[in-house]
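Enquirer: Please read through the structure below; I'll follow up with questions.
The values are calculated or read from the model by the stated rules, or taken from the named source; none is laboratory data. For clarity, every value in this text was computed on a predicted model and none was experimentally measured. Quick reminder, even Gly has a Cβ in these numbers, built from the backbone with ideal geometry, and neighbours come from all protein chains shown.
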Amino acid sequence: MGRELPPFAAVKAFEAAARHLSFKEAAQELCLSPSAISHQIRALEEYLDTALFERSGNSIALTLTGESYAGKLTGLLDDFDQSTRSITETGPRKFSVLCTPGFAARWLVPRLHRLRFGDRVRLRVSTGAPSLDFSTNESDVVIQWADDPVPGLVTEPFMTSSRYPVICPDLKEREGIKDPKDLLKLRLMHDEVLDAWTEWFEAAGLDPPKMPRGPVFPNCELATTAAEQGQGVSLAYDMMARGTLASGRLVRLFDAVTMPVVIYSLAYPSARQDDPMIMEFRRWIRDEIANEAPSMAAELYKTNGGSVRKSVTRPTNHEGPR
């Protein structure tokens, strides 16, 4: 029995328009005119005998059928694109990882030499929340903040962490920091995403001071960098601060910690969940975490049901530690 396939040009036009929710942007991506995009989508709707878009003046919105169809097509086209690249690209295949500068510098790069194909990794960093649009971000995998799911992607949490105060050694000695209440006389570095100073002071048995008592940064990476420079005290994520603590650039203060939260997850198209390099990268990350924090890795594996998770809802726009 032969396959029943719609015109490929119409499929490409619809998928691009659905991603952008714009005929104009789809036309720019495919080097066509907006009228050509509209014509192709009309042809696809006639072929399928159903409406894919709701049109109102100059605006468009996907119908329920269109949204379902687009979610499936994006993954299929991503897989098709990667399969084609694996044939047309010469030499060993490169592996592109998109993440934030903070994750790259404090966690990924110091360990990359232990990845079997680490010399073939193309590392790309994003100054904001990394794009999860795999049709345009030119990446094989994305390291995203938290574990917000996205339709058509596998989202796999791999790192949880508690937080505790860190300070540069010179400032600690100069200020004579010996007790949690001594922090009340120092500048506290804050971050806009999940700032947890109130939670930490409560864990330390103190009434939290009126916040903020110091500068507010877009993310904890900048707050921790400010602490390294002696500007005050930062509330660092344990899993991200270990290398800096080992180097002596920062020291940890006190035993009190916040409750652990998921801070990073691995995302990739569900159509590529059998890709050998993605699976090897996934196993390598889990092995690294298991070596550093066995209890955390076991808990994540238990939470995840021992397997990857296909996402089913849309994300919020957290940017998190960079």
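Enquirer: Does region 80-95 contain any residue that is under 30 Å from MET239 (Cβ atoms) and not basic (Lys, Arg)?
Expert: For region 80-95, residues under 30 Å from MET239 (Cβ atoms) and not basic (Lys, Arg): present.
Enquirer: Something else about it: Sort out for me the strands (runs of 3 or more DSSP E) sitting completely within region 168-276 that have 3 or more residues that are touching a Lys or Arg at 6+ places or on another chain (Cβ under 8 Å) and not assigned by TED's automatic domain parsing to the domain that holds CYS99.
Expert: 233-237
Enquirer: Test ALA223 against the criterion of being over 23 Å from GLY128 (Cα atoms) and either surrounded by 20 or more Cβ atoms within 10 Å (Cβ to Cβ) or among the small types (Gly, Ala, Ser) (or both), and give yes or no.
Expert: no
Enquirer: Mind checking which residues of region 185-194 are at pLDDT below 90 and under 16 Å from GLY230 (Cα atoms)?
Expert: LYS185
Enquirer: Tell me yes or no: at least one residue of region 49-64 is modelled with pLDDT of 90 or more, assigned to a helix (DSSP H, G or I) and not assigned by TED's automatic domain parsing to the domain that holds CYS220.
Expert: Checked region 49-64: at least one residue is modelled with pLDDT of 90 or more, assigned to a helix (DSSP H, G or I) and not assigned by TED's automatic domain parsing to the domain that holds CYS220.
Enquirer: Looking only at residues in region 243-280 that are over 20 Å from ASP133 (Cα atoms), of a type outside the set (A, V, I, L, M, F, W, C) and touching a Phe, Trp or Tyr at 6+ places or on another chain (Cβ under 9 Å), which one is surrounded by the fewest Cβ atoms within 10 Å (Cβ to Cβ)?
Expert: Of everything passing the filter in region 243-280, ASP255 is surrounded by the fewest Cβ atoms within 10 Å (Cβ to Cβ).
Enquirer: Kindly provide the set of residues from region 94-135 that are without any contact (Cβ under 8 Å) to a residue 40 or more places away in the chain, exposed (fewer than 15 other Cβ atoms within 10 Å of the Cβ) and assigned to a loop (DSSP other than H, G, I, E, B), ordered by number.
Expert: LYS94
Enquirer: For region 281-322: of the residues being modelled with pLDDT of 85 or more and surrounded by fewer than 20 Cβ atoms within 10 Å (Cβ to Cβ), which is farthest from ASP79 (Cα to Cα)?
Expert: Restricting attention to region 281-322, the residues satisfying the condition of being modelled with pLDDT of 85 or more are 281-291.
If we keep only those that are surrounded by fewer than 20 Cβ atoms within 10 Å (Cβ to Cβ) too, we end up with 282-284, 286-288, 290-291.
Values: ARG282: 18, ARG283: 21, TRP284: 22, ARG286: 24, ASP287: 27, GLU288: 28, ALA290: 30, ASN291: 32 Å.
The extreme case among them is ASN291.
Enquirer: Against the definition (out of contact with any Asp or Glu (no Cβ under 9 Å at 6 or more places or on another chain), aliphatic (A, V, I, L, M) and modelled with pLDDT of 85 or more), how does ALA70 come out, yes or no?
Expert: Working: out of contact with any Asp or Glu (no Cβ under 9 Å at 6 or more places or on another chain): no; aliphatic (A, V, I, L, M): yes; modelled with pLDDT of 85 or more: yes.
No, not satisfied.
Enquirer: Same structure again: Which residues, taken from region 23-58, are among the aromatic types (Phe, Trp, Tyr) and within 12 Å of PRO6 (Cα to Cα)?
Expert: So the first thing to find is which residues in region 23-58 are among the aromatic types (Phe, Trp, Tyr), and the list is 23, 47, 53.
TYR47, the sole residue that qualifies.
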